Amino acid sequence: MTKYKLPTSGTKIEYKDGKLRVPNDPIIPFFPGDGTGPDIWRATRIVIDAAVEKAYKGKRNISWMEVFAGLTALKNYDKDTVLPQETLDAFREYRIGIKGPLTTPAGSFKFVCLDCAAELMDRPATCPKCRSEWITPRFRSVNVGLRQKLDLYACVRPVRWFTGVPCPVKSPEKFNIVIFRENTEDIYAGIEFQQGTPECKKVYDFLTSEMKVKIPFPDSGIGIKPISITGTKRLVRMAIKYAIAHKKPSVTLVHKGNIQKFTEGAFRDWGYEVAAQEFRDQTVTETELWDKHEGKLPAGKVLVKDRIADQTFQQFLLRPDEYSVIATTNLNGDYLSDAAAAQVGGLGIAPGANIGDGVAIFEATHGTAPKYANKDVVNPGSLILSGVMMLEHLGWQEAADLIVKGLEGAIQAKTVTYDLERQMAGAKKLKCSEFGAAIVRNMTDAAGAA
Ligand SMILES: NC(=O)c1ccc[n+]([C@@H]2O[C@H](COP(=O)([O-])OP(=O)(O)OC[C@H]3O[C@@H](n4cnc5c(N)ncnc54)[C@H](O)[C@@H]3O)[C@@H](O)[C@H]2O)c1
């Protein structure tokens, strides 16, 4: 018997031969999250349900199933469990989920058990409290736990501008880029040794004596950055498949290979390898574009190119319309996706998803904004647009389009939450729930029903 309740109706999404099979009444696990999470979730659920109803007139509907994580897990399980096994199992079993933001408690302890959040000063093979073997070298958030345990290896962030949203650049309408950020390796693997510890000295001695590596100063902390063929290829493969499916003109491999040849440079090389070996007929490289096609992309092909990470920041500002899909390593993707979101109006309306093979969780990209919790004031746009991504992932494009129309309509009518209202002359300030209602009002039912 699980602590969460199964809905009274609904069918499981299946995954066969690399494809999702979505019934007309999928069961979708969700958790609202901490802080302002419940406020934005309430608005989001109303908007998604209204769009599905409007698009499919009762032929399709979502059976929502609440599972627990973060504070709701502490309340429903025991006081140390922030990420219950049942929640992980539910996301794995039901395949598609959506979540609000979660609190990430900070602390000075050295190790933490991801299953029960036990704070430990050394690293036993299994957690003394819950016997889990999921003990990480330093505090990792529940979000990281979800990504790691479900192997959600791609963090996908579509970044575009919505007409009327205040933003710092001159031509925000040129920006429409989907960023695929590798989610499992790079410096986020958490392999770090604290300066002054015996472990750090051991690593330092090994590197300087046995590997003959020069480290500028002996009083260094040391971090290790793994980038693998497996991690790179599956991420780039997903990005290229996305570009082909969505008729996007290019995939750009973003890396820092000019400095880190065997990690970032290898990412670029393995990325090109995937394109050449698995998508030969559907892709051309930049060299081929000029050598064989006089700089004109042949119809139906995806251009695969690469850019150095720092240059990409400039390109996003100066020539964003030359980019449509980005595939990049974890740290580059972290910086790039937040900078891109800021460029077109901020994190308040930037959606995101963590996607693996056959499992995906859609989420707000901002945090819990605890000072606004339960005040019904924050912008639910990020979670609502994550809902749009989720509907697209299900193949329910008509409902997704209705939400985008509704959001565009609400913004163009200047009926927005405080964060946008304070930057828009003549705008009317709405509460979080009222903004959700405005989106529903602004949906048209012009989209074709299934
Ligand atoms: N994905 C996640 O679950 C996630 C992401 C980031 C931070 N966090 C956690 O959230 C908590 C708070 O973190 P923080 O204060 O650094 O970041 P935050 O994103 O919660 O808030 C920073 C500020 O951004 C603004 N803001 C955030 N969301 C908004 C919204 N929907 N509408 C309007 N304004 C909004 C508010 O002014 C807020 O004070 C921490 O525990 C942190 O670890 C969680």
FRET efficiency estimate (nearest 0.05) - Cβ-Cβ, Glu278 to Leu120, R0 45 angstrom: 0.60
Unsatisfied cross-links (Cα-Cα over 18 Å) in the set Lys54/Lys375; Lys129/Lys202; Lys247/Lys305: Lys54/Lys375; Lys129/Lys202
GNM result for the chain, Cα springs below 10 Å: residue of Gly356, Gly223, Gly271 fluctuating most strongly: Gly223
D (Stokes-Einstein, µm²/s), Kirkwood Cα radius, region 177-285, 0.692 mPa s at 37 °C: 205
Sequence-distant residues sharing a close amide H with Asp306 (under 5 Å, placed H): Leu253
3J(HN,Hα) from dihedral phi, region 121-128, Karplus parametrisation 6.51/-1.76/1.60, rounded to Hz, x for glycine, proline: 8, 10, 10, x, 5, 10, 5, x
Built amide H within the under 5 Å cut-off of Tyr15, gap 5+: Arg21
Length gained when the stretch Asn61-Asp269 is fully extended (0.36 nm per residue, less Cα-Cα span): 70.5 nm
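As a check on your grasp of the helix formula, calculate [θ] at 222 nm for the chain: sum -39500 (n - 2.57) over DSSP H runs of n ≥ 4, divide by the residue count, round to the nearest 500. Working shown, then result.
Numbers: 14 runs with 159 residues, N = 450.
Result for the chain: -11000 deg cm²/dmol, rounded to the nearest 500.
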Positive-end residue of Tyr242, Phe31, Asn143, charge dipole of the chain with Cβ unit charges: Phe31
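Compute, for the chain, the length of the dipole vector about the Cα centre, with Cβ point charges of +1 (Lys, Arg) and -1 (Asp, Glu) only. Units Debye, rounded to 20. Display every interim value, and only then the final one.
Details: 60 positive and 53 negative charges, 119 e Å.
Charge dipole, the chain, about its Cα centre: 580 debye, nearest 20.
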Estimated vicinal HN-Hα couplings, Hz - region 192-199 in sequence order (Karplus 6.51, -1.76, 1.60; Gly, Pro = x): 9, 10, 6, 3, x, 8, x, 4
R0 of 22 Å, Cβ-Cβ distance Val213-Asp310: FRET efficiency to nearest 0.05: 0.35
Candidate aspartates and glutamates for bridging to Lys429, where Cα separation is under 15 Å - those fewer than 8 sequence places away on the same chain excluded: Asp376, Asp419, Glu421
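Roughly how big is region 253-390's charge dipole about its Cα centre, with Cβ charges of +1 (Lys, Arg) and -1 (Asp, Glu), in debye to the nearest 20? The partial results should precede the final answer.
Values: 12 positive and 18 negative charges, 61 e Å.
My answer is approximately 300 debye.
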Along each principal axis, Cα extent of the chain, largest first, Å: 69, 65, 49
Simple spin-label estimate for Lys375 and Leu318 in nanometres, 7 Å along Cα-Cβ: 4.2
Long-range HN-HN contacts of Cys167 with modeled amide H, under 5 Å: none
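Counting Lys and Arg as +1 and Asp and Glu as -1, each charge on the Cβ, what is the dipole of region 2-90 about the Cα centre in debye, to the nearest 20? If you can, show how the numbers build up before the last one.
Values: 14 positive and 12 negative charges, 92 e Å.
In debye, rounded to 20, region 2-90 gives about 440.
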HN-Hα J in Hz across region 270-276 - Karplus 6.51, -1.76, 1.60, θ = phi - 60°, x for Gly and Pro: 5, x, 4, 4, 4, 4, 6
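Of all the stretches in the chain, which is the longest one without any exposed loop site, taking trypsin sites (Lys or Arg not before Pro) in a DSSP loop (any state but H, G, I, E, B) with at most 10 other Cβ atoms within 10 Å? Can you show the working numbers first?
Details: sites that count: Lys5, Lys79, Lys170, Lys212, Lys214, Lys247, Arg280, Lys296.
Maximal segment without exposed cleavage sites: 297-450.
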Most mobile of Ala413, Ala353, Ala364 in a GNM of the chain (Cα contacts under 10 Å): Ala413
Straight-distance crosslink candidates among aspartates and glutamates, where the alpha carbon sits under 13 Å from Lys5 and sequence neighbours closer than 8 are dropped: Glu66, Glu86
The chain: most fluctuating residue of Val67, Val47, Val404 per GNM, C-alpha cutoff 10 Å: Val404
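Throughout, read-outs are computed from the coordinates displayed, never taken from laboratory work. This structure is a prediction, so every number in the text was calculated from the model and none was measured. All Cβ positions, even for glycine, are placed from backbone atoms using ideal geometry, and neighbour counts span all protein chains on display.
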